[in-house]
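The values are calculated or read from the model by the stated rules, or taken from the named source; none is laboratory data. Computed from a predicted model, the values in this text were never measured in an experiment. Heads up: the accessible areas ignore ligands, DNA and RNA and are worked out on the full protein's heavy atoms, side chains in. Shrake-Rupley method; radii C 1.70, N 1.55, O 1.52, S 1.80 Å.
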Amino acid sequence: MADVNELLQVLSELDEEELEARLGMRAQTIGNDLKRGDTRSASVDSLEIDTAVPKGVVDDALAAGQRLFNWISPAAYNLLCTPLGGDSADETMKELVKLLDEDLEKNIAKATGMLAPFLVSSLGLAPAIAAVVATLIIKRTSKQGGKLICDNWKKSLPTTDPTATAESSSGS
C-alpha cells in the first residue's frame, strides 16, 4: 500500500498539464476496470505517479483530463465558494485558506489532502480522481495566496458548458 501523503506530495510537484493528462488516463482506466467489475483502480493507492506517460497517449489523455476537470471544477467551486455549500464547506474553505496562507509551497500536498476527501464525499468522485482534481484546484487557485482562492478559482472556471464541448467534438 502506498503512503497517501507521499503520493499527494508527488502530485503537488507535477505541472498542471501533466496532472490533466494523468486525470484523463486515470478516468479511462477506472472506466475500463468498472466495466469488468474491478474497483481497485479507483483507490488513491492505485495512482502510478512514477510511471511515465506514453507520448502517443498524452494528447488524448490531456484532452480528456481537461474536459473532466472543466466538468468537476465548477461543481466543486459551487460547493466550497458559495453560501449554498453549507457549514462543512465553509469550514473546509477556511482551513484551506489558513493552510495556504501559512506556507503555500510547503502546504500544497496538505491542502490537497484536505480537499480530496471533501470532493469524494460531496461529489462522489473516486479517490484517485479526487486526488488529482484537488491538486489541480489548489495549484490553479492558490498562486496568489490562499485569501484569494475563491476569486482565483472563479476566474479559472470554464466559460462554456464542458458537456457541450464534449458533444461537439464527438461529431454530434
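Largest first, how would Lys98, Lys155, Lys139 line up by accessible area (1.4 Å probe)?
Working: Lys98 135, Lys155 160, Lys139 40 Å².
Accessible-area ranking of Lys98, Lys155, Lys139, largest first: Lys155, Lys98, Lys139.
Accessible surface of Thr29, taken over heavy atoms with a 1.4 Å probe and every protein chain present, rounds to 50 Å². Measuring against 29 Å, Cα to Cα, the residue pairs Lys35/Lys143; Lys98/Lys154; Lys94/Lys155; Lys35/Lys139 contain Lys35/Lys143; Lys35/Lys139 as the ones spanning a longer distance.
Accessible area per residue was computed with a 1.4 Å probe on protein heavy atoms; Ile72 scores about 10 Å². When the surface is traced with a 1.4 Å probe over the full set of protein chains, Lys143 keeps roughly 130 Å² accessible.
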